[in-house]
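Have a look at the structure below, then the notes.
The values are calculated or read from the model by the stated rules, or taken from the named source; none is laboratory data. It should be emphasised that the depicted structure is a prediction, and the values quoted were computed from it without experimental measurement. Don't worry about glycine lacking a Cβ; one is built from the backbone with ideal geometry, like all the others, and counts go over all protein chains shown.
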Amino acid sequence: MAVAGVTKVTMPQLGESVTEGQISHWLKQPGDKVDKYEPLVEVITDKVNAEVPAPVAGVLAEINVQEGETVSVGTLICSIAGEGAAGGEPAAEPVPASEVPAASPAPAAPAAVAPAPAAPADVMPAMEPGTGDGDGRANRASPAVRRLADEHNLDLAQVRGTGIGGRVTKKDVEQFIAAGGRAAPAAAPTPAAATPAPAAATPAAPPAAAPAARPLAGDELVPLTPMRKAIAEHMVRSRQTSPHAWCATEVDMTEVVKLRSAERERFRQREGVDLSFVPFVIKAAVEALKDNPDLNATWTAEGVLRRKAINIGVAVGLDAGLIVPVIRDADMLSLAGLAHRLDDLATRARAGQLKLDDVEGGTFTVNNPGTFGTVISAPIINQPQAGMMTMEAIVKRPVVLPGDLIGIRSMMFVGLSFDHRVTDGLQAARFIGDVKKWLEAVGPGTSIY
């Protein structure tokens, strides 16, 4: 049913940790009739791509954010006028996140995005008069551009804007810095009637900002995708939020290698998926989490929140970056069940077919850099989790065995990064010790099912 008046549509929050989205493609244009829940626009986030539906029926009156622009959650993106609207403007009616169907992850989308030349991704819609920050910059640049300028102690008045209405874009600032633009000295606020300070009392000038990297001949600037920007922000925030600590142990994987070799072909023929080493390591981590619940937890101001569910995030490497789909209730799955879930999530991740529910709710993460040959690594924790464990390359080498015998064994390092607010080295060492104990107890009688 059409709604009289004008309904504002804002950028919805497409996920628990999503703070912004990029307009990929408008499916409707001003003047087009829209039905309630009919898709209006395609949006890209660091986690998924999604279609934002119309909250009401009517006519698309105005588009406020152009294709290619990235805006924060809650930003007005368009307005819908009801039939017979007289231009009234009722309270904004944002699209509930629960009504937004989740689609594929962001990595597959940038190639399909064609930002409009007149609307750079970092240009925000014009602000209302009187909402600036006192120096006129709010009407010339987005908050992200102002932050970049502040980081380099730049006066945006010196930067020539190429955006709509002469607005300064992020690219303008980066080019200004690369061209050797000098930072304007920070001005200290002075009371109107203040008496000038004596020369001897004048404070020393603040230190100059660190020089920006200067491009050299042959260099290539690779534009940041929404996924790359989100990863960068998440990694910096994780380091600033959690005091990271790290420990590792070495695991004799010889019996796991033997069992996998004996069962692999039969398992593939029966199940249609490969039996890799990852299900064994996840299974060991799950069993260890049961006895070390503070690793399956998160820090809060009120206390350590121990999670009841054991939902294991598994890092999947893509050309565009890293994504971490989640195996829910991993403690309820056998090795065969874990193998099936891994194959499904990894296949859909690489095909760009993950849904929002596939990448949220993780309580602990397992990463497998060893598949690329690493022998030891220290990952950054996936917030708000308390830990991330790595499984490294399995390497054959001589090992001293009981009785001082020398044998060729298949060895693997297991590393654990943990939030030192949540737990201490003692429990972290116990955890990876339990992982080691489970893996080294695998034998011919270990059930795949």
The range 32-74: number of residues that are surrounded by fewer than 17 Cβ atoms within 10 Å (Cβ to Cβ), more than 22 Å from the chain's Cα centre (by Cα) and closer than 29 Å to L318 by Cβ: 1
Qualifying residue in the range 300-309 (condition: of a type in the set (A, V, I, L, M, F, W, C), surrounded by 13 or more Cβ atoms within 10 Å (Cβ to Cβ), assigned by TED's automatic domain parsing to the domain that holds D358 and closer than 30 Å to L154 by Cβ): no
The listed residue being assigned to a helix (DSSP H, G or I) and under 26 Å from S410 (Cα atoms), out of S276, S261: S261
Enumeration of residues in the range 11-62 that are small (G, A, S) and in contact with a Ser or Thr (Cβ under 8 Å, 6 or more places away or on another chain): G15, G21, G58, A61
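Restricting the range 207-247 to residues that are in a loop (DSSP other than H, G, I, E, B) and surrounded by 14 or more Cβ atoms within 10 Å (Cβ to Cβ), which is modelled with the lowest pLDDT? Spell out the reasoning first.
Going residue by residue through the range 207-247, those that are in a loop (DSSP other than H, G, I, E, B) are 207-225, 242-243.
Now narrow it down to the ones that are surrounded by 14 or more Cβ atoms within 10 Å (Cβ to Cβ): 209, 212, 224-225, 242.
Details: A209: 58, A212: 74, L224: 84, T225: 79, S242: 94.
Per the criteria, the residue is A209.
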Hits in the range 151-169 (condition: modelled with pLDDT of 75 or more and charged (D, E, K, R)): D155, R160
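Please count how many residues of the range 53-68 are among the hydrophobic types (A, V, I, L, M, F, W, C) and farther than 30 Å from K170 by Cβ. First the steps, then the outcome.
In the first step, residues of the range 53-68 are kept if they are among the hydrophobic types (A, V, I, L, M, F, W, C); the result is 54, 56-57, 59-61, 63, 65.
Then keep just the ones that are farther than 30 Å from K170 by Cβ; that gives 54, 56-57, 59.
Within the range 53-68, residues that are among the hydrophobic types (A, V, I, L, M, F, W, C) and farther than 30 Å from K170 by Cβ number 4.
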Selection count where residues are of a type in the set (F, W, Y) and surrounded by fewer than 15 Cβ atoms within 10 Å (Cβ to Cβ), scope the range 368-417: 1
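Results for (1) in contact with a strand residue (DSSP E or B) (Cβ under 8 Å, 6 or more places away or on another chain); (2) among the small types (G, A, S); (3) under 24 Å from M235 (Cβ atoms); (4) free of Cβ contacts under 8 Å to residues at least 40 places away in the same chain, shown as yes or no for each residue.
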position: T298; (1), (2), (3), (4): yes, no, yes, no
position: I312; (1), (2), (3), (4): yes, no, yes, no
position: A330; (1), (2), (3), (4): yes, yes, no, no
position: R341; (1), (2), (3), (4): yes, no, no, yes
position: G370; (1), (2), (3), (4): yes, yes, yes, no
Of all residues making up the range 30-41, the number that are within 21 Å of Q13 (Cβ to Cβ) and either touching a residue at least 24 places away in the same chain (Cβ under 8 Å) or touching a helix residue (DSSP H, G or I) at 6+ places or on another chain (Cβ under 8 Å) (or both): 4
Residue that is farthest from the chain's Cα centre (by Cα) [pool: residues in the range 260-275 that are farther than 26 Å from G433 by Cβ and in contact (Cβ under 8 Å) with a residue 40 or more places away in the chain]: A262
Qualifying residues in the range 281-292 (those that are of a type outside the set (S, T, N, Q) and more than 25 Å from the chain's Cα centre (by Cα)) - the one surrounded by the most Cβ atoms within 10 Å (Cβ to Cβ): A284
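Got a sec? Which of V316, V278 is in contact (Cβ under 8 Å) with a residue 40 or more places away in the chain and either in contact with an Asp or Glu (Cβ under 8 Å, 6 or more places away or on another chain) or buried (at least 17 other Cβ atoms within 10 Å of the Cβ) (or both)? Steps first, answer last, please.
Numbers: V316 fails: in contact (Cβ under 8 Å) with a residue 40 or more places away in the chain.
Of the residues listed, the single one that is in contact (Cβ under 8 Å) with a residue 40 or more places away in the chain and either in contact with an Asp or Glu (Cβ under 8 Å, 6 or more places away or on another chain) or buried (at least 17 other Cβ atoms within 10 Å of the Cβ) (or both) is V278.
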Residue under evaluation P444, criteria (1) at pLDDT below 95; (2) under 16 Å from E287 (Cβ atoms), criterion not met: (2)
Lone unmet requirement of (1) touching a Phe, Trp or Tyr at 6+ places or on another chain (Cβ under 7 Å); (2) in a strand (DSSP E or B); (3) among the aliphatic types (A, V, I, L, M) for M412: (1)
